[in-house]
Amino acid sequence: MSVRLQKYLADAGVASRRAGEEIIVSGRVAVNGKVVRELGLKVDPLHDRVAVDGALVKPKRKLYVALNKPRGYICSRSDPLKRRSVSDLLPKEWSNLFSVGRLDLNSEGLIFLTNDGQFSLRLTHPRYQIRKKYLVTVEGKASPDQLIPMTRGVMHDGEKLKAERVRLVRGNNSQSLVEVDLSEGKNREVRRLFETQGLTVNRLQRVQIGPIKLGELRSGKWRTLTEPEIKSLLPSGAAE
(Lines give C-alpha, C1' and ligand atoms only; values in the text may rest on other atoms or scores of the structure.)
Protein backbone atom coordinates (compact mmCIF):
# COMPACT_ATOMS: atom_id res chain seq x y z
CA MET A 1 0.00 0.00 0.00
CA SER A 2 1.50 3.32 -1.08
CA VAL A 3 1.90 6.25 1.32
CA ARG A 4 2.97 9.83 0.89
CA LEU A 5 6.71 10.32 1.11
CA GLN A 6 6.51 12.74 4.05
CA LYS A 7 4.40 10.22 5.98
CA TYR A 8 6.97 7.51 5.24
CA LEU A 9 9.69 9.73 6.70
CA ALA A 10 7.57 10.48 9.77
CA ASP A 11 6.82 6.78 10.32
CA ALA A 12 10.54 6.07 10.17
CA GLY A 13 11.20 8.64 12.88
CA VAL A 14 13.26 10.88 10.58
CA ALA A 15 11.15 13.99 11.18
CA SER A 16 7.61 15.21 11.62
CA ARG A 17 5.51 15.45 8.48
CA ARG A 18 6.04 19.21 8.28
CA ALA A 19 9.78 18.92 8.78
CA GLY A 20 9.82 16.02 6.33
CA GLU A 21 8.30 18.25 3.66
CA GLU A 22 11.18 20.70 4.12
CA ILE A 23 13.70 17.87 3.80
CA ILE A 24 12.07 16.73 0.55
CA VAL A 25 11.90 20.20 -0.99
CA SER A 26 15.55 20.81 -0.11
CA GLY A 27 16.55 17.84 -2.27
CA ARG A 28 17.89 15.65 0.53
CA VAL A 29 15.64 12.67 -0.24
CA ALA A 30 16.18 10.06 -2.94
CA VAL A 31 13.73 7.34 -3.99
CA ASN A 32 15.27 4.35 -5.79
CA GLY A 33 18.44 6.37 -6.32
CA LYS A 34 16.71 9.42 -7.80
CA VAL A 35 16.48 12.73 -5.90
CA VAL A 36 12.87 13.88 -5.52
CA ARG A 37 11.43 17.24 -4.51
CA GLU A 38 7.73 16.47 -5.13
CA LEU A 39 5.62 16.56 -1.96
CA GLY A 40 2.74 14.58 -3.42
CA LEU A 41 4.92 11.63 -4.38
CA LYS A 42 3.85 8.24 -2.99
CA VAL A 43 6.16 5.33 -2.23
CA ASP A 44 5.64 1.64 -1.63
CA PRO A 45 7.22 0.80 1.77
CA LEU A 46 7.75 -2.82 0.71
CA HIS A 47 9.52 -2.20 -2.59
CA ASP A 48 10.85 1.36 -2.86
CA ARG A 49 14.24 2.36 -1.43
CA VAL A 50 14.17 5.71 0.34
CA ALA A 51 17.33 7.49 1.45
CA VAL A 52 17.95 10.77 3.30
CA ASP A 53 21.39 12.34 2.83
CA GLY A 54 22.49 9.04 1.30
CA ALA A 55 21.43 6.89 4.27
CA LEU A 56 18.74 4.24 3.72
CA VAL A 57 15.57 4.85 5.72
CA LYS A 58 13.32 2.08 7.00
CA PRO A 59 9.95 2.72 8.68
CA LYS A 60 9.46 1.45 12.18
CA ARG A 61 7.11 -1.47 12.54
CA LYS A 62 3.76 -0.27 13.82
CA LEU A 63 2.15 -2.30 16.56
CA TYR A 64 -1.48 -2.40 17.65
CA VAL A 65 -2.26 -4.36 20.79
CA ALA A 66 -5.53 -5.08 22.61
CA LEU A 67 -5.13 -5.74 26.34
CA ASN A 68 -7.58 -6.73 29.05
CA LYS A 69 -6.38 -4.41 31.81
CA PRO A 70 -6.79 -5.79 35.33
CA ARG A 71 -7.68 -3.65 38.33
CA GLY A 72 -4.71 -2.22 40.17
CA TYR A 73 -2.71 -1.31 37.06
CA ILE A 74 -2.06 2.19 35.74
CA CYS A 75 -1.81 3.12 32.08
CA SER A 76 1.25 5.37 32.35
CA ARG A 77 4.65 3.90 31.48
CA SER A 78 6.35 5.56 34.45
CA ASP A 79 5.03 6.28 37.94
CA PRO A 80 6.81 7.89 40.92
CA LEU A 81 4.73 5.67 43.22
CA LYS A 82 6.08 2.56 41.48
CA ARG A 83 2.62 1.10 40.90
CA ARG A 84 2.13 -1.71 38.42
CA SER A 85 1.70 -0.56 34.81
CA VAL A 86 -0.02 -2.16 31.83
CA SER A 87 3.39 -2.11 30.13
CA ASP A 88 4.50 -4.73 32.70
CA LEU A 89 2.06 -7.13 31.03
CA LEU A 90 3.68 -6.81 27.59
CA PRO A 91 6.94 -8.18 26.18
CA LYS A 92 9.93 -6.07 27.25
CA GLU A 93 10.81 -5.24 23.65
CA TRP A 94 7.47 -3.40 23.36
CA SER A 95 8.38 -0.84 26.01
CA ASN A 96 7.87 1.96 23.45
CA LEU A 97 4.12 1.32 23.21
CA PHE A 98 1.75 3.81 24.84
CA SER A 99 -1.87 3.40 25.84
CA VAL A 100 -4.63 4.82 23.67
CA GLY A 101 -6.65 6.77 26.21
CA ARG A 102 -6.84 5.71 29.83
CA LEU A 103 -8.56 3.43 32.29
CA ASP A 104 -8.08 4.51 35.89
CA LEU A 105 -6.38 2.38 38.54
CA ASN A 106 -9.54 0.61 39.69
CA SER A 107 -11.13 0.20 36.25
CA GLU A 108 -10.55 -2.80 34.02
CA GLY A 109 -11.19 -4.11 30.54
CA LEU A 110 -10.28 -3.35 26.95
CA ILE A 111 -7.51 -0.89 26.18
CA PHE A 112 -5.31 -0.49 23.11
CA LEU A 113 -1.56 0.14 23.09
CA THR A 114 0.38 1.31 20.05
CA ASN A 115 3.35 3.27 18.72
CA ASP A 116 1.17 4.91 16.05
CA GLY A 117 0.29 8.48 17.02
CA GLN A 118 -2.28 8.91 14.24
CA PHE A 119 -4.12 5.79 15.36
CA SER A 120 -4.18 7.08 18.94
CA LEU A 121 -5.53 10.47 17.84
CA ARG A 122 -8.27 8.82 15.79
CA LEU A 123 -9.53 6.89 18.81
CA THR A 124 -9.26 9.61 21.44
CA HIS A 125 -10.19 12.91 19.78
CA PRO A 126 -13.86 13.85 20.44
CA ARG A 127 -14.47 14.86 16.81
CA TYR A 128 -14.17 11.24 15.67
CA GLN A 129 -16.95 10.05 18.02
CA ILE A 130 -15.54 6.55 18.62
CA ARG A 131 -17.98 4.79 20.94
CA LYS A 132 -16.80 2.86 23.98
CA LYS A 133 -19.03 0.44 25.86
CA TYR A 134 -18.78 -0.18 29.60
CA LEU A 135 -20.38 -2.60 32.04
CA VAL A 136 -20.83 -0.93 35.41
CA THR A 137 -21.81 -2.63 38.66
CA VAL A 138 -23.33 -0.23 41.19
CA GLU A 139 -24.61 -0.62 44.74
CA GLY A 140 -28.34 -1.00 45.16
CA LYS A 141 -31.12 -1.01 42.58
CA ALA A 142 -30.65 1.61 39.87
CA SER A 143 -33.91 3.23 38.75
CA PRO A 144 -34.87 4.78 35.39
CA ASP A 145 -35.05 8.16 37.15
CA GLN A 146 -31.33 7.81 37.89
CA LEU A 147 -30.25 6.46 34.48
CA ILE A 148 -32.27 8.58 32.03
CA PRO A 149 -30.64 11.93 33.00
CA MET A 150 -27.23 10.54 31.98
CA THR A 151 -28.30 10.47 28.32
CA ARG A 152 -29.74 13.97 28.51
CA GLY A 153 -26.59 15.44 29.99
CA VAL A 154 -25.65 16.26 33.59
CA MET A 155 -23.26 18.75 35.15
CA HIS A 156 -20.33 17.70 37.33
CA ASP A 157 -17.66 20.12 38.60
CA GLY A 158 -18.69 22.68 36.01
CA GLU A 159 -18.43 20.23 33.09
CA LYS A 160 -21.28 18.70 31.10
CA LEU A 161 -21.20 14.91 30.93
CA LYS A 162 -23.38 12.89 28.59
CA ALA A 163 -23.75 9.21 27.75
CA GLU A 164 -24.88 8.12 24.30
CA ARG A 165 -26.83 5.19 25.72
CA VAL A 166 -27.58 3.74 29.16
CA ARG A 167 -29.31 0.39 29.71
CA LEU A 168 -30.14 -1.50 32.89
CA VAL A 169 -29.02 -5.09 32.27
CA ARG A 170 -30.26 -6.45 35.59
CA GLY A 171 -30.71 -5.29 39.15
CA ASN A 172 -31.88 -6.17 42.63
CA ASN A 173 -31.83 -4.49 46.01
CA SER A 174 -28.12 -5.23 46.54
CA GLN A 175 -26.60 -4.30 43.19
CA SER A 176 -27.32 -3.42 39.55
CA LEU A 177 -25.48 -4.02 36.29
CA VAL A 178 -25.68 -1.12 33.84
CA GLU A 179 -24.40 -0.88 30.26
CA VAL A 180 -23.11 2.55 29.22
CA ASP A 181 -22.00 3.86 25.81
CA LEU A 182 -19.77 6.95 25.59
CA SER A 183 -18.30 8.76 22.61
CA GLU A 184 -16.17 11.50 24.23
CA GLY A 185 -14.33 9.84 27.09
CA LYS A 186 -13.67 12.77 29.41
CA ASN A 187 -11.57 12.14 32.51
CA ARG A 188 -13.27 9.51 34.73
CA GLU A 189 -16.54 10.28 32.92
CA VAL A 190 -18.34 7.02 33.69
CA ARG A 191 -17.71 7.20 37.42
CA ARG A 192 -18.66 10.89 37.48
CA LEU A 193 -21.92 10.21 35.64
CA PHE A 194 -23.00 7.72 38.28
CA GLU A 195 -21.79 9.99 41.07
CA THR A 196 -24.21 12.70 39.91
CA GLN A 197 -27.05 10.25 40.47
CA GLY A 198 -25.90 9.16 43.92
CA LEU A 199 -24.87 5.70 42.69
CA THR A 200 -21.67 4.06 43.99
CA VAL A 201 -19.61 2.17 41.40
CA ASN A 202 -18.22 -1.16 42.61
CA ARG A 203 -16.86 -2.39 39.29
CA LEU A 204 -16.20 -0.69 35.97
CA GLN A 205 -15.21 -2.73 32.92
CA ARG A 206 -14.77 -1.50 29.35
CA VAL A 207 -15.95 -4.22 26.99
CA GLN A 208 -15.85 -2.56 23.56
CA ILE A 209 -14.07 0.19 21.60
CA GLY A 210 -15.67 0.99 18.25
CA PRO A 211 -16.42 -2.40 16.65
CA ILE A 212 -13.73 -4.23 18.66
CA LYS A 213 -15.04 -6.27 21.59
CA LEU A 214 -13.17 -7.60 24.61
CA GLY A 215 -14.56 -11.05 23.89
CA GLU A 216 -12.82 -13.98 25.55
CA LEU A 217 -9.55 -12.15 26.23
CA ARG A 218 -8.65 -13.00 29.82
CA SER A 219 -7.66 -10.42 32.42
CA GLY A 220 -4.00 -9.45 32.08
CA LYS A 221 -3.69 -10.99 28.60
CA TRP A 222 -3.13 -9.28 25.27
CA ARG A 223 -3.40 -9.92 21.55
CA THR A 224 -2.42 -7.99 18.43
CA LEU A 225 -5.18 -6.43 16.37
CA THR A 226 -5.76 -7.90 12.92
CA GLU A 227 -5.40 -5.81 9.77
CA PRO A 228 -9.20 -5.70 9.22
CA GLU A 229 -9.70 -4.61 12.85
CA ILE A 230 -7.16 -1.79 12.48
CA LYS A 231 -8.82 -0.59 9.28
CA SER A 232 -12.25 -0.69 10.93
CA LEU A 233 -11.03 1.84 13.50
CA LEU A 234 -9.44 4.25 11.02
CA PRO A 235 -11.19 6.78 8.77
CA SER A 236 -11.06 6.28 5.02
CA GLY A 237 -7.74 7.55 3.68
CA ALA A 238 -6.05 7.66 7.11
CA ALA A 239 -3.14 5.65 5.79
CA GLU A 240 -2.25 8.38 3.29
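Here are some notes:
- Considered as a group, the residues in segment 142-176 that are surrounded by 11 or more Cβ atoms within 10 Å (Cβ to Cβ) and acidic (Asp, Glu) include one that is farthest from Arg131 (Cα to Cα), and that residue is Glu159.
- So Asn68, is it outside any loop (DSSP other than H, G, I, E, B) and either over 30 Å from Leu5 (Cβ atoms) or within 17 Å of the chain's Cα centre (by Cα) (or both): yes
- Only one of Leu89, Leu81 that is under 29 Å from Pro228 (Cβ atoms) and of a type in the set (A, V, I, L, M): Leu89
- Flag not set for Glu184, criterion: in contact (Cβ under 8 Å) with a residue 40 or more places away in the chain and assigned to a strand (DSSP E or B).
- Among the residues of this structure, Glu108 counts as one that is touching a Pro at 6+ places or on another chain (Cβ under 7 Å) and touching a residue at least 60 places away in the same chain (Cβ under 8 Å).
- Within segment 2-49, tally of residues that are under 12 Å from Pro59 (Cβ atoms) and touching a residue at least 60 places away in the same chain (Cβ under 8 Å): 2
- From the list Arg18, Arg61, the lone residue that is surrounded by fewer than 11 Cβ atoms within 10 Å (Cβ to Cβ) and part of a loop (DSSP other than H, G, I, E, B) is Arg61.
- Condition met for Val207 (more than 20 Å from Ile111 (Cβ to Cβ), touching a Leu at 6+ places or on another chain (Cβ under 7 Å) and either outside the structural domain of Leu123 (by TED's automatic domain parsing) or in a strand (DSSP E or B) (or both)): no
The values are calculated or read from the model by the stated rules, or taken from the named source; none is laboratory data. Because the structure is predicted, anything quoted here is derived from the model rather than measured. Methodologically, a virtual Cβ is constructed for each residue, glycine included, from the backbone with ideal geometry; neighbour enumeration extends over all protein chains shown.
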